[in-house]
1. Which peptide among 56-69, 358-371 comes first, and what is the full order, when sorted by highest mean count of other Cβ atoms within 10 Å?
2. Quick check: net charge around residue 290, other residues with Cβ under 14 Å of its Cβ, Lys/Arg +1 and Asp/Glu -1?
3. Classify region 214-364: rounded, prolate or oblate, from the alpha-carbon gyration tensor (a ≥ b ≥ c, eigenvalue square roots; a/c under 1.5 rounded; otherwise prolate if a/b is larger than b/c)?
4. With a sphere of radius 12 Å drawn around the Cβ of residue 494, what net charge do the other residues whose Cβ falls strictly inside it have (Lys, Arg +1; Asp, Glu -1)?
5. Determine which lysines satisfy two conditions relative to residue 154: a Cα distance under 28 Å, and not lying fewer than 8 residues away in the same chain.
6. Tell me, what ³J(HN,Hα) does each residue in region 298-314 have, in order and in whole Hz, if you take phi through Karplus 6.51 cos²θ - 1.76 cosθ + 1.60 with θ = phi - 60° and put x for Gly and Pro?
7. Below 11 angstrom from the Cβ of residue 330, what's the summed charge of the other residues (Lys, Arg +1; Asp, Glu -1)?
8. Positive end of the charge dipole of region 278-494 (Lys, Arg +1 and Asp, Glu -1 on Cβ, about the Cα centre): tell me which of 433, 315, 386 has its Cα farthest that way.
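Read-outs throughout are calculated quantities, based only on the coordinates presented, and are distinct from any laboratory measurement. These numbers were taken from a predicted model, which means no experiment stands behind them. Positions of Cβ are backbone-derived with ideal geometry, glycine not excepted, and every protein chain shown enters the neighbour counts.
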Amino acid sequence: MTHSGRWLLAPWDALGAVLVLSFVGLLAWHLLARAPEGPAADALLLDPSTEVQLGDEWLGLYFRGDRVGLVHIHKSAREGSGYRYDLRTRLRLSAFGTQAPMDMRVGADLSPGLALEHFDFSVEAGPARLIGQGTVDDRTVRLRLSTGGEAFDKTLQLDQPPVLRAQLGPLLSRRALTPGARFSFTAFDPLSQSDQRIDVEVIGPDTVIVFGREVPAIHLRQTISGLVLDGWINGRGEMLRQELGLGLVAVRETREEARFGLLPTAGSEGANLIRATQVAVGGLPPSLRDVDRLALRVSGVDLSDFALADRRQQFADAVLSVAREPVGPGLSLPVTTGAPPESLASDALIQASHPRIRTTAKVAIGHARDTVTAARRLKDWVHHRLEQTAVPGVPSALETLDARVGDCNEHSTLFAALARSVGIPTRIVVGLVYADGRFGYHAWNEVLAADGWLSVDATWNQMPVDVGHLAMLRGGLSEQARLLPLMGRLQLTVVP
């Protein structure tokens, strides 16, 4: 039996909401400005003034020419002083013939000088919901994330006062946007709880079609996590068109036009990002489960920043060689020394210290006394109790334990929480996996054994994993964003 593509990791899961919230923020190249609809909107787009105004903006989201959602931006004055900035993104994703809607909200309270004072956000997709809020005091961020009915608090000390991506438009529009000018911002991502650098280059004057007419624009090029994205703004910094990568584009529209994209009968079935990012490879059987070695030539991307070599992979002269690793003895449970602290840590999404997670894990492993035996039992437990369904959004171990559904990101997140809760050092691996002539993005796990890290895939019920699993990186949402530049560009060829 071969594994179908329905078990491959969707790009929105590989990157978590980091990817989608990046899209939202990168749409916001504008001042806090009023944007009336109809004929008045046409006149305003042509107005070269830079006066600060308040109101609404609407953008339609398109995937390869078909409507798949919208972005609504509302800007208002706060009582007293400062501004309130609200963005809502609604996106119809498609996976394996079914639609997977995603609803995201981001809000920010800004000072009169556009300094971030408070932010809140939510991501809803299928059975999963993640909400969060934070307060900012200079370089200190106090963050609260709520998921699975539990709240998790954390205080972060940053190198500089944080900026949300949604603030970049107001900040950028106060600069001189002359051709060749370059700017850099450090944007804070509350989901990954990390800073990310965003570089902006002004390409120069251009024109785009908005509201059925050609309007003057400024062409910008943004680089985030290695992904290069082009956007076009007017003189006030309002977004007119933004290319988002993977075939997604945001276009300035009227409210009626943008909302049409939410109708079930409008446009396509949704944005099929899974199909858009799969890599076709010829010369291989439908399954690699019984293959001991595989060599692939990599092209189309620069992998110099990826640590690809490990106990099952070697990378040299653009050739990635993979061999199935042996299964040695496990370490005695619980492991308390000699493992990276993060491999045993509990956090807002991998809630390893939660009583329900611990109780479930103890029942699942029974009387297992070592990391390998216990990991194998946890792998079996997760594989047989979770319904394999594409679920966009941010994976949460507690949410998954309750819902009992998910794709490989939910499988790997729940497995990590269960394993860590009983003292098994565990990390999440993200890369590609092969099935039926194609490689697709996927997530699995590694646990620490006596002779090193051992691969485990609860989604595919493999331990160790087959040679069709290509590990690209290890880590959480902030690390997974590094996959963005590979998607749609990576090419693989079998080496005899």
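1. So the peptides 56-69, 358-371, ranked by packing, come out 56-69, 358-371.
2. In short, +1.
3. Prolate.
4. So the surrounding residues net to +2.
5. Once the sequence-local lysines are set aside, what remains near residue 154 is 362.
6. These are the phi-based 3J(HN,Hα) values: 9, 8, x, 9, 9, 9, 5, 8, 9, 8, 8, 7, 8, 6, 10, 10, 9 Hz.
7. Local net charge: 0.
8. Highest projection toward the positive end goes to 386.
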